[in-house]
1. Only residues in the stretch 150-170 that are touching a residue at least 12 places away in the same chain (Cβ under 8 Å) and closer than 19 Å to Phe114 by Cβ count as the first member; pair them with residues that are of a type in the set (Lys, Arg) and open to solvent by 10 Å² or more (accessible area, probe 1.4 Å), Cβ under 7 angstrom, at least 6 apart or cross-chain, and list the lot.
2. Just one of (1) at pLDDT below 95; (2) closer than 26 Å to His227 by Cα trips up Ser44, so point out which.
3. Touching a residue at least 24 places away in the same chain (Cβ under 8 Å) and farther than 21 Å from Gly95 by Cβ, is that true of Gly173?
4. For Gly63, are the conditions met, namely being in contact with a helix residue (DSSP H, G or I) (Cβ under 9 Å, 6 or more places away or on another chain) and at positive phi?
5. Take the residues of the stretch 183-223 that are of a type in the set (Ser, Thr, Tyr) and in contact (Cβ under 8 Å) with a residue 40 or more places away in the chain: which is farthest from Ile169 (Cα to Cα)?
6. Which residue is surrounded by the most Cβ atoms within 10 Å (Cβ to Cβ), if the candidates are limited to the stretch 171-182 and must be in contact with a Pro (Cβ under 7 Å, 6 or more places away or on another chain) and part of a loop (DSSP other than H, G, I, E, B)?
7. Would you call Ser44 open to solvent by 40 Å² or more (accessible area, probe 1.4 Å) and assigned to a loop (DSSP other than H, G, I, E, B)?
8. Of all residues in the stretch 51-75, how many are open to solvent by 50 Å² or more (accessible area, probe 1.4 Å) and among the β-branched types (Val, Ile, Thr)?
Amino acid sequence: MRIKVVLAALTLALVPVATPAVATAAANPYERGPAPTAATVEASRGTFAVTSAAVARQSNFGGGTVYTPTSDLTFGAVAVSPGFTATQTSVAHFGPRLASYGFVVITINTLSGFDDPDSRGRQLLAALDYVVRTNPRVDASRLAVMGHSMGGGGALRASATRPALQASIPMAGWHTTKSWSTVQVPTLVLGGQNDPTAPNSQHSTPFYNSITAAPDKAFLELRGGDHSAPRSDNVTVRKYTLSWLKRFVDDDVRYDQFLCPAPAPNTLISAYRDTCPHA
């Protein structure tokens, strides 16, 4: 019996032991939050608790509010500009929502309500530089800009000025410059179908068409939307602004499913064009 036991042990020793497969690529270190679903990308809040802090008027932008996820992680940062004569209150809803999904967000006041788009672009970049300098949770390599109306024109100018930005979202953008062929930043252009102030035919559409150097771009037209619709807090704007920032600021391909393939026109979207696939 003892001989049989020894033989069995020797036999087992000769059997190759399976080893766990080695991962071929490290997990994305910039992913923040759980895997997204159709419901979560349209929700009013993500999983991070958020703190906010007022920013006093600065020499190079009009101050604003910084929203930060309460976490020891680092995050990409997004600066958001209002439009002509407006204050940060018109874009304030982007702050706590985007921060709750894992971004540091600064919604800004401009130095003057009458500042032109190029000035707003400089102020968006100044605001990003401010949060990089003052907020230890910000990853300086992962920055983005957003803006409404002339603030959207400012987002385009900021993108042309600083190609190292990771994403840009001009919403109902207004700018006298129509060609943005030097923009190299992944750009989501949001427009309203019935915008009398910045008609897509004169602004968003030529902006989108002229962005030829960026690796990725998209144009989303909100069905029936007026000038304020693209920056309003609705599920379509929630879904696509979040997905664009997640995909290109956080390199989070889990959000590609909401961008590619490009959505077909429906009751909420009258037109959508994209350079899919991203991944």
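1. none
2. It is condition (1) that Ser44 fails.
3. no
4. So Gly63 passes the test.
5. In this case the residue turns out to be Thr197.
6. Ala172
7. Taking the combined requirement at face value, the residue satisfies it.
8. Number of matching residues: 3.
The values are calculated or read from the model by the stated rules, or taken from the named source; none is laboratory data. Quick caveat: nothing in here was measured; it's all calculated off a predicted structure. All Cβ positions, even for glycine, are placed from backbone atoms using ideal geometry, and neighbour counts span all protein chains on display. Areas reflect the complete protein model, heavy atoms only, side chains present, ligands, DNA and RNA absent. Shrake-Rupley method; radii C 1.70, N 1.55, O 1.52, S 1.80 Å.
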